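Note sheet for the following structure.
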Amino acid sequence: MAINESELRLIVSQVVEQLARQGEAPAGKLGIFNDMNTAIAAAKDAQKVMQTMPMDFREKIISKIREKILENAELFAKMGVEETGMGNVGHKILKHRLVAEKTPGTEDITTTAWSGDRGLTLIEMGPFGVIGAITPCTNPSETILCNSIGMIAGGNTVVFCPHPAAINVSNFAVDLVNRASMEVGGPVNIAVSLEHPTMETSAVMMKHPDIHLIAATGGPGVVTTVLSSGKRGIGAGAGNPPALVDDTADIRKAAMDIVNGCTFDNNLPCIAEKEVVVVESVADELIHWMLEECGCYMVSKEEQEKLMGVVFTKGTALNRKCVGRSAKALLGMIGVTVSDDIRCIIFEGEKEHPLIAEELMMPILGIVRAKDIDDAIEKAVWLEHGNRHSAHMHSKNIDNLTRYGKAIDTAIFVKNAPSYAALGFGGEGYCTFTIASRTGEGLTSASSFTKRRRCVMSDSLCIR
Ligand code: NAD
């Protein structure tokens, strides 16, 4: 990497200016402010510095972020579970490692070229500037760290609006990103956040003239709000992924894959199996293996009623005290005591059963019988509710797999594996925690956070 003297002087002066601004932020954590407008101004300053830096330097910052995530994976996992009461420490450690190791960096920023008689034309990926990012409480630090790597690789800085229920772990992640930057000689405030984010501060961010792109990761409400903001929005919304099992599948393996995916981080990932649709002829066998080998507990009709009483508050509104809890804890809430081996609650029901039709984010897996593959596809498509988010299937019949894939039309379609294979965990491909199903980017990466620019040299520079 070669930085000339004037570039170096500019970087140093801007870093000094930002450190002075940092004095306005609460002491201790880097990049955390009390006021949204000040936070955005600081991120804008940092982006100006970022623009003067060579691509190699962005990569240097990203490498340091990766290193620090790996060092702190256990701390993040423990903080997240403690603060939100949701998820599983062991699984959260794996998720942070995945972010560190498999989130694409600057290699995702590529150039397309046409060279010919009339010269040379390039399409290059440029930064948006300061991106606004709204993040969920279900994968809080995972999303902030993953978004930061991708957005910084694209040459942007980012202002986060984290979920208030996960503010400590979220802001710890923002601090880590800035510390990584400073340790390698980069600017602070490449990621910023607020001490106390609210709906009002998000509204300020969404209307701010220096924010040109907003990435929203969360439920349907926030995605709709962002897409109504008048700005370019990346909408990573809710799912309700059905796992379909047909009569050609390896049923024993399907049972284990489905339960492994469903129980990962207590079902918090939006991609996780939320219900099963199984062809009648293999339904008993699937349930047999789930009970025999996969740590499942079958709840009776009476226990289902009790579960509904605790899982929903009014109507089908979720009781937040149940989201991301273990099967053992959920069963405990209805007076059922089980051993630590029990990790998933199962039952049979019609697709309209509220514990099946609603996105619960709990290790509760309703099983719907279908008379044949046509019926199974129809039921699974209904259960996905048109989110076009994620769907999974266990089958060896290529025609059935193809038909289901086309019918359900989701951003993610995992075959013969747990859902987390879609994130590069036990499957090929990169990792993300922002799956933009609504706006079509699919699994976001650095290139999703850039704008395309055409750069044309007419009648020259073609040297073929
Ligand atoms: P949530 O929608 O309650 O909150 C997400 C974020 O949006 C939070 O920061 C919250 O403060 C903010 N928010 C909510 N309503 C808002 C509004 N009207 N205006 C501005 N900000 C608003 O979601 P959650 O409980 O934190 O996360 C779980 C949901 O997110 C599930 O539905 C899950 O499927 C979805 N999710 C999707 C993805 C994906 O990549 N597609 C990833 C994680 C979670």
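The values are calculated or read from the model by the stated rules, or taken from the named source; none is laboratory data. As the structure is a computational prediction, the values presented were derived from the model and not from experiment. Every residue, glycine among them, receives a Cβ derived from its backbone with ideal geometry; neighbour counts consider all protein chains shown. Ligands, DNA and RNA are stripped out before the accessible areas are found, and what is left, the full protein with its side chains, is counted by its heavy atoms. Shrake-Rupley method; radii C 1.70, N 1.55, O 1.52, S 1.80 Å.
What residue, of S181, S170, S148, is near the ligand (Cβ under 9 Å from one of its atoms), open to solvent by less than 10 Å² (accessible area, probe 1.4 Å) and either free of Cβ contacts under 8 Å to residues at least 24 places away in the same chain or among the small types (G, A, S) (or both)? Break it down into steps so the answer makes sense when it comes.
Values: S181 fails: near the ligand (Cβ under 9 Å from one of its atoms); S148 fails: near the ligand (Cβ under 9 Å from one of its atoms).
Of S181, S170, S148, the one residue that is near the ligand (Cβ under 9 Å from one of its atoms), open to solvent by less than 10 Å² (accessible area, probe 1.4 Å) and either free of Cβ contacts under 8 Å to residues at least 24 places away in the same chain or among the small types (G, A, S) (or both) is S170.
Which condition breaks for P162 when tested against (1) without any contact (Cβ under 8 Å) to a residue 60 or more places away in the chain; (2) open to solvent by 20 Å² or more (accessible area, probe 1.4 Å)?
For P162, the failing item is (2).
Which pairs have Cβ atoms under 7 Å, sit 6 or more apart or on different chains, and link a residue in region 319-348 that is outside any loop (DSSP other than H, G, I, E, B) to one that is open to solvent by less than 20 Å² (accessible area, probe 1.4 Å) and of a type outside the set (A, V, I, L, M, F, W, C)?
A327/P363; C344/T263; C344/G295; C344/P363; I345/P363; F347/Q304; F347/G366
Of all residues in region 429-454, which are within 11 Å of the ligand (Cβ to nearest atom) and open to solvent by 40 Å² or more (accessible area, probe 1.4 Å)?
R438, T439, E441
Going by the structure shown, is V174 part of a helix (DSSP H, G or I) and in contact with a strand residue (DSSP E or B) (Cβ under 9 Å, 6 or more places away or on another chain)?
Numbers: part of a helix (DSSP H, G or I): yes; in contact with a strand residue (DSSP E or B) (Cβ under 9 Å, 6 or more places away or on another chain): yes.
Yes.
Across region 353-371, what is the total count of residues that are open to solvent by less than 50 Å² (accessible area, probe 1.4 Å) and farther than 16 Å from V282 by Cα?
12
Restricting to region 184-198, count the residues that are more than 16 Å from the ligand (Cβ to nearest atom) and open to solvent by 40 Å² or more (accessible area, probe 1.4 Å).
Summing the residues that are more than 16 Å from the ligand (Cβ to nearest atom) and open to solvent by 40 Å² or more (accessible area, probe 1.4 Å) in region 184-198 gives 1.
Looking at region 415-428, is at least one residue among the basic types (K, R), surrounded by 15 or more Cβ atoms within 10 Å (Cβ to Cβ) and in contact with a helix residue (DSSP H, G or I) (Cβ under 8 Å, 6 or more places away or on another chain)?
yes
Can you find a residue in region 78-100 that is over 15 Å from F425 (Cβ atoms), away from the ligand (no atom under 16 Å from the Cβ) and open to solvent by less than 10 Å² (accessible area, probe 1.4 Å)?
Among the residues of region 78-100, not one is over 15 Å from F425 (Cβ atoms), away from the ligand (no atom under 16 Å from the Cβ) and open to solvent by less than 10 Å² (accessible area, probe 1.4 Å), which makes the answer no.
Counting only residues that are surrounded by fewer than 24 Cβ atoms within 10 Å (Cβ to Cβ) and of a type in the set (G, A, S), which one in region 120-145 is farthest from the ligand (Cβ to nearest atom)?
Restricting to residues being surrounded by fewer than 24 Cβ atoms within 10 Å (Cβ to Cβ) and of a type in the set (G, A, S), the top hit is G126.
Being surrounded by fewer than 18 Cβ atoms within 10 Å (Cβ to Cβ) and closer than 24 Å to A216 by Cα narrows it down to one of D374, D409, D399, so name that one.
Going through D374, D409, D399 in turn, the sole match is D409.
Would you confirm, using the coordinates I've provided, whether A391 is more than 22 Å from the chain's Cα centre (by Cα) and open to solvent by less than 10 Å² (accessible area, probe 1.4 Å)?
When the stated conditions are applied, A391 does not pass them.
Going residue by residue through region 25-41, is there one that turns out to be surrounded by fewer than 22 Cβ atoms within 10 Å (Cβ to Cβ), in a loop (DSSP other than H, G, I, E, B) and among the small types (G, A, S)?
Taking every residue of region 25-41 in turn, at least one turns out to be surrounded by fewer than 22 Cβ atoms within 10 Å (Cβ to Cβ), in a loop (DSSP other than H, G, I, E, B) and among the small types (G, A, S).
Would a scan of region 199-208 turn up a residue that is closer than 24 Å to Y430 by Cβ, modelled with pLDDT of 95 or more and more than 10 Å from the ligand (Cβ to nearest atom)?
no
Between a first residue in region 373-400 that is away from the ligand (no atom under 16 Å from the Cβ) and a second residue that is acidic (D, E) and assigned to a strand (DSSP E or B), which pairs have beta carbons less than 9 Å apart while being 6 or more apart in sequence or on different chains?
These pairs meet every condition: A380/E275.
Kindly indicate whether R21 is modelled with pLDDT of 95 or more and either under 19 Å from F128 (Cβ atoms) or of a type outside the set (V, I, T) (or both). Steps first, answer last, please.
Numbers: modelled with pLDDT of 95 or more: no; either under 19 Å from F128 (Cβ atoms) or of a type outside the set (V, I, T) (or both): yes.
The answer is no for R21.
Being of a type outside the set (S, T, Y) and out of contact with any Pro (no Cβ under 7 Å at 6 or more places or on another chain) is the filter here; which residues of region 277-287 pass it?
V278, V279, E280, V282, A283, D284, E285, L286, I287
Given the residues I234, I167, which is the only one that is touching a Leu at 6+ places or on another chain (Cβ under 8 Å) and among the β-branched types (V, I, T)?
Sole residue among the options that is touching a Leu at 6+ places or on another chain (Cβ under 8 Å) and among the β-branched types (V, I, T): I234.
Would you please list the contacts, defined by Cβ atoms under 7 Å and residues six or more apart or on different chains, that run from a residue in region 269-294 that is more than 10 Å from I251 (Cα to Cα) to a residue that is in a loop (DSSP other than H, G, I, E, B) and away from the ligand (no atom under 16 Å from the Cβ)?
That search, which allows pairs on different chains as well, returns V279/D246; V279/D247; V279/D372; E280/K371; S281/D247.
Among all residue pairs at least 6 apart or on different chains, which show Cβ distances below 6 Å where the first residue, located in region 414-436, is in contact (Cβ under 8 Å) with a residue 60 or more places away in the chain and the second is among the charged types (D, E, K, R)?
A417/D257; P418/D257; S419/E273; G424/K102; Y430/K102; C431/K102; F433/E142
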